[in-house]
């Protein structure tokens, strides 16, 4: 198992190219199940999670090949509809195969998923929604065993809380359903829009992109598609925050500033200088203390929960008191204990973390508890005095394509070592 070692206190200078979005790549990869193909996906990040999803497709009899950032997937053969625990246990997004398998094969047996321990994140949204399309299911020894006679039937699906993967699963299933499906209180994240664009290019009939109500007119069959994964807005935000923590000046290329509607304004309020262009962002940390800002995570276009841990690390170095409120996941403050080990002054009050900026952090041995917590510890380590050692960094590999290499190229003293 690897660990990351950071010698802090070195400003960042240079350019970083942003990779394709993990949270867009995973549903687009699973969408290939819906039609024989071939399918060509561009800008696909090389991550632990994308490799797991491709291994899952292989287990269904689907073949693929990678050429750099381009994936070609041939889904002509589909001879298995069981997603085993051994593959699914490492990644919650594995549940995204449920809708496509049911739509194409009429049956699916999918292990209850694993992934980051940041809350319950139940799949009941998916199952309740698919039930509105006519599936029947039972939970059997840790598996969802689901099926339908004939085709899925269009229906109305309402989410009490907008669910990104729930919306995506219903979308994919509904494309091949008989009749009209209406998804109410749908998630509006850009990754959902990226999936809709791909499905439409496959021949799906979908209206309501970027809105709370999505209408899908089912078709009898779909065709192979060419699609491009959008830039990773969470990776973009992580590097913006890292520059604020470590100091210096960064230019981020191959990104899309429009996908980050909330973060730049918070960082400007904290004292950073941020300039946005069509597919580039510039961030400068000026001399002087950072200012504290309050943050409340919300569904898109609000402040992303996946950037909460990172901005909390930044606020430990700000001047004043900041309140960070988490409304999406009930257990997403596990990084707090590790930041405290580095000298952070953070108090938990229900769903809020009250951060009193100390102006500095000290390097320490810390442990990653989930994907974004890992990133927050990297942010903290870049700014801390002394050496920070982060263990269990396999979490980081799930969502960041060569984070260590990218930071090394802009002046960070950071390396991977065997534990």
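To keep it simple, each residue is scored yes or no on (1) in a loop (DSSP other than H, G, I, E, B); (2) more than 18 Å from residue 293 (Cβ to Cβ); (3) under 24 Å from the mean Cα position of the chain (by Cα).
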| site | (1), (2), (3) |
| --- | --- |
| 322 | no, no, no |
| 348 | no, yes, no |
| 360 | yes, yes, no |
| 377 | no, yes, yes |
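Applying the selection to the range 67-106, what residues are in a strand (DSSP E or B), over 25 Å from residue 164 (Cβ atoms) and in contact with a helix residue (DSSP H, G or I) (Cβ under 9 Å, 6 or more places away or on another chain)? Result: 74, single match. Scanning the range 143-160 for residues that are out of contact with any strand residue (DSSP E or B) (no Cβ under 8 Å at 6 or more places or on another chain) and without any contact (Cβ under 8 Å) to a residue 40 or more places away in the chain turns up just one, 160. Residue 160 meets all of the listed conditions (1) buried (at least 18 other Cβ atoms within 10 Å of the Cβ); (2) in a loop (DSSP other than H, G, I, E, B); (3) modelled with pLDDT under 95 but one, namely (1). State yes or no: is residue 319 over 23 Å from residue 252 (Cα atoms) and either surrounded by fewer than 21 Cβ atoms within 10 Å (Cβ to Cβ) or in the same structural domain as residue 243 (by TED's automatic domain parsing) (or both)? Yes. Taking the range 244-272 as the range and being in contact with a helix residue (DSSP H, G or I) (Cβ under 9 Å, 6 or more places away or on another chain) and farther than 18 Å from residue 294 by Cα as the test, the residues that pass are 246, 247, 249, 250, 252, 255, 256, 257, 258, 259. One residue stands out in the range 388-419 among those that are in a loop (DSSP other than H, G, I, E, B) and out of contact with any helix residue (DSSP H, G or I) (no Cβ under 9 Å at 6 or more places or on another chain): the one that is modelled with the highest pLDDT, namely 402.
Of the residues screened, residue 119 is not one that is assigned to a loop (DSSP other than H, G, I, E, B), within 20 Å of residue 57 (Cα to Cα) and either within 17 Å of the chain's Cα centre (by Cα) or at pLDDT below 95 (or both).
Residue 145 falls short on exactly one of the conditions (1) in a loop (DSSP other than H, G, I, E, B); (2) at pLDDT below 95; (3) closer than 22 Å to residue 33 by Cα, and that condition is (1). Scan 334, 367 and give me the residue that is in contact (Cβ under 8 Å) with a residue 60 or more places away in the chain and over 30 Å from residue 286 (Cβ atoms). Among 334, 367, only 334 is in contact (Cβ under 8 Å) with a residue 60 or more places away in the chain and over 30 Å from residue 286 (Cβ atoms).
Residues satisfying the criterion are absent from the range 288-296 (criterion: within 18 Å of the chain's Cα centre (by Cα) and not in a strand (DSSP E or B)). For the range 367-392, name all the residues that are surrounded by fewer than 24 Cβ atoms within 10 Å (Cβ to Cβ) and within 14 Å of residue 3 (Cβ to Cβ). Hits for the range 367-392 are 367, 387, 389, 391, 392. Every condition in (1) in contact with a strand residue (DSSP E or B) (Cβ under 9 Å, 6 or more places away or on another chain); (2) in contact (Cβ under 8 Å) with a residue 24 or more places away in the chain holds for residue 64 except the one numbered (2).
Looking across 329, 333, one residue alone is modelled with pLDDT under 95, outside any strand (DSSP E or B) and farther than 28 Å from residue 386 by Cα. It is 329. Apart from one condition, residue 265 fits all of (1) free of Cβ contacts under 8 Å to residues at least 40 places away in the same chain; (2) closer than 30 Å to residue 370 by Cβ; (3) assigned to a strand (DSSP E or B); the exception is (3). Checking the stated criteria, residue 314 turns out not to satisfy the condition of being on the phi < 0 side of the Ramachandran plot, touching a residue at least 60 places away in the same chain (Cβ under 8 Å), more than 23 Å from the chain's Cα centre (by Cα) and in the same structural domain as residue 13 (by TED's automatic domain parsing). Determine if the range 97-109 includes at least one residue that is within 21 Å of residue 299 (Cβ to Cβ), at pLDDT 90 or above and surrounded by 20 or more Cβ atoms within 10 Å (Cβ to Cβ). Yes: the range 97-109 contains one or more residues that are within 21 Å of residue 299 (Cβ to Cβ), at pLDDT 90 or above and surrounded by 20 or more Cβ atoms within 10 Å (Cβ to Cβ). The set of residues in the range 17-54 being assigned to a strand (DSSP E or B) and surrounded by fewer than 24 Cβ atoms within 10 Å (Cβ to Cβ) consists of 17, 40, 42.
The values are calculated or read from the model by the stated rules, or taken from the named source; none is laboratory data. Quick caveat: nothing in here was measured; it's all calculated off a predicted structure. Heads up, the Cβs are rebuilt from the backbone with ideal geometry, glycines too, and the neighbour counts pull from every protein chain shown.
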